[in-house]
């Protein structure tokens, strides 16, 4: 597990900038989440993956949903930053 269990990330820019505080959920959760978010062909189901992160890794803001992002670019940026942290 990372030394620092929390990390602040910022996605978007300008008025649409969003700040998230992440808390590492542990290696087992990460492995299970990755497995549970794949279809029968092994492809990642992005919406399930991102919403799981929002529900279980983001500690601030609470209750943030995928549709609260302004664009797919923000979702992709969020996903990249989270994967660096995990």
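Read-outs: derived from the displayed coordinates by stated rules, not from any lab. This one's a predicted model, so the numbers in the text were calculated from it and none came from an experiment. All Cβ positions, even for glycine, are placed from backbone atoms using ideal geometry, and neighbour counts span all protein chains on display.
Things worth noting here:
- Boolean, residue 75 is in a strand (DSSP E or B) and surrounded by 12 or more Cβ atoms within 10 Å (Cβ to Cβ): no
- Considering the range 48-67, and only residues there that are out of contact with any helix residue (DSSP H, G or I) (no Cβ under 6 Å at 6 or more places or on another chain) and without any contact (Cβ under 8 Å) to a residue 24 or more places away in the chain, the residue that is surrounded by the fewest Cβ atoms within 10 Å (Cβ to Cβ) turns out to be 67.
- Taken over the range 18-36, residues that are in contact with a strand residue (DSSP E or B) (Cβ under 9 Å, 6 or more places away or on another chain) and over 16 Å from residue 80 (Cα atoms) amount to 0.
- Any hit, the range 9-16, residues being part of a loop (DSSP other than H, G, I, E, B), touching a residue at least 60 places away in the same chain (Cβ under 8 Å) and more than 11 Å from the chain's Cα centre (by Cα): yes
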